[in-house]
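The values are calculated or read from the model by the stated rules, or taken from the named source; none is laboratory data. Values in this document were obtained by computation on a predicted structure and should not be read as measured data. All Cβ positions, even for glycine, are placed from backbone atoms using ideal geometry, and neighbour counts span all protein chains on display. Surface accessibility is based on the protein's heavy atoms, side chains included, excluding ligands, DNA and RNA. Shrake-Rupley method; radii C 1.70, N 1.55, O 1.52, S 1.80 Å.
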Amino acid sequence: MSKSKVYPDAESALRGIVKDGMTLCCGGFGLCGVPEKLIGALHDSGVRNLTVVSNNAGTDGAGLGLLLVSRQIRKMISSYVGENREFERQYLAGELELEFSPQGTMAERVRAGGAGIYAFFTKTGAGTLVAEGKETRVVDGETYILETGIVTDVALVKAWKGDTEGNLVYRKTARNFNPNMATAGRITVAEVEELVEPGTLHPDSIHTPGIYVQRIINGSPYDKKIEKLTVRKRTEGSHAMVS
Amino acid sequence: MPWSREDLAARAAKELQDGFYVNLGIGIPTLVANYIAPGMKVVLQSENGMLGIGPFPFDGEEDPDLINAGKQTITELISSSYFSSADSFAMIRGGHIDMAVLGAMEVSENGDLANWMVPGKMVKGMGGAMDLVAGVKRVVVVMEHTSKDGEPKFKAKCELPLTGTNVVDMVITDLAVFSRASREAPFKLIEVAPGVTAEQIRSKTPARYVG
């Protein structure tokens, strides 16, 4: 019988694949769709000098913020550090290396890396700090910069449902970077809210095919956090966006 | 009397057209959604992977898995769709989005935009702004005419690190509206807030413009 992808918990799913100085892709946007159980296990493992590719780094002490506070991250590749005082403080104090990558460039670098594309030319960032030190090319009067694909030692992703083959389905905007990150890890570990048997998920509905996922855990129960609660009164019109 | 935040959002909403796919930035740009003309169909895109942003949820119906790019809780519409970040930016970078409304720290007379960092002081990151200005067909900036210290924000040249070069098509401030017909044309003063004179605009605007 072939080896199962299913691990009993986050700690066992990371055993043997984490080491100091490793590179890591991490799904999530803000606190939405973040592989929080695996990040917690990474924190507990004590691994250090991590290079982490993630759009942001959670908030102070939540999501990847947990690993920032414990100083386990040496370098971040991100597009946004707002709403995270510790991130901004460590960066401005020179304690944390930070490579700013525009959000779309970052998503495409991860997608490209996972698809075996070494690099690509893009208009995004041309003429800005992002272009410094990068090869540029002018085509039809438009300037493009060369951005390289990203592949990391490990990728951590969060999905809504997954089966024992590693097929994943995401829910609403908790999908975000997760399907892209899943393709870019040499080893990808997924945590899901509901782990089901093959055949339960409809093959047409699968977002991440199991080929990208080497290890999977059922991370339930989840206590999902909301970063900015905005609601409307029942008397307001259908398009009211005023908080 | 200078225009309010709500006035700025309402003015930016006038640039929308029926059938537009639009990306709204964080802050005042988000309020533009409140001023979409009745009967006009505009589809709002969120960088984190959604087309068809609905209104804020009713109290108690918020869903942590459903947020906009500003991390605010939102709702879906019957026409909504979800996709990955790479797909989201393929839409943005591939020129499929008709218009973006963004905030700014500085705009230059040739349409350069700076809105993501103040070296040594404040660093938020560019998020999706560099991709938006590089790929979206029309970029409308909404900002205060001057900074909190009274410094003009529409300048001859940006001093802060750029988000993009020659990318802004319209600038809406609390005092005036500047627009240009193409990325080769100069900005033109097309509207002035009530009670504000053209001379007052001139004195607070180092950027060259027509009008």
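Return a yes/no flag: does segment B:66-84 have any residue that is buried (at least 20 other Cβ atoms within 10 Å of the Cβ) and in contact (Cβ under 8 Å) with a residue 60 or more places away in the chain. No, segment B:66-84 has no match at all.
Rundown of residues vs (1) basic (K, R); (2) within 13 Å of chain B (Cβ to nearest Cβ); (3) open to solvent by less than 40 Å² (accessible area, probe 1.4 Å), yes/no style:
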| site | (1), (2), (3) |
| --- | --- |
| A:T136 | no, yes, no |
| A:E142 | no, yes, no |
| A:T164 | no, no, yes |
| A:P179 | no, yes, yes |
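Residues that are open to solvent by 10 Å² or more (accessible area, probe 1.4 Å) and at the interface with chain A (Cβ under 7 Å from one of its Cβ atoms) were ranked within segment B:30-54; the one that is nearest to the chain's Cα centre (by Cα) is B:T30.
A residue that is open to solvent by 20 Å² or more (accessible area, probe 1.4 Å) and among the polar types (S, T, N, Q) occurs nowhere in segment B:149-163.
Considering segment A:1-15, and only residues there that are within 18 Å of A:R186 (Cα to Cα) and open to solvent by 80 Å² or more (accessible area, probe 1.4 Å), the residue that is farthest from the chain's Cα centre (by Cα) turns out to be A:K3. Scanning segment A:69-88 turns up at least one residue that is open to solvent by less than 40 Å² (accessible area, probe 1.4 Å), touching a residue at least 12 places away in the same chain (Cβ under 8 Å), assigned to a helix (DSSP H, G or I) and within 12 Å of chain B (Cβ to nearest Cβ).
Entry remark, segment A:89-111: residues being in a helix (DSSP H, G or I), at the interface with chain B (Cβ under 9 Å from one of its Cβ atoms) and within 16 Å of the chain's Cα centre (by Cα) number 8 in total. Within the set B:D59, B:D65, the sole residue that is of a type in the set (D, E, K, R), within 7 Å of chain A (Cβ to nearest Cβ) and more than 20 Å from A:E83 (Cβ to Cβ) turns out to be B:D59. For segment B:148-158, does any single residue satisfy the condition of being within 29 Å of B:I92 (Cα to Cα) and within 11 Å of another protein chain (Cβ to nearest Cβ)? Scanning segment B:148-158, I find at least one residue that is within 29 Å of B:I92 (Cα to Cα) and within 11 Å of another protein chain (Cβ to nearest Cβ), so the answer is yes. Checking each residue in segment B:111-147 for being of a type outside the set (S, T, Y), more than 12 Å from every other protein chain (Cβ to nearest Cβ) and not in a loop (DSSP other than H, G, I, E, B) picks out B:R138, B:V139, B:V140, B:V141, B:V142.
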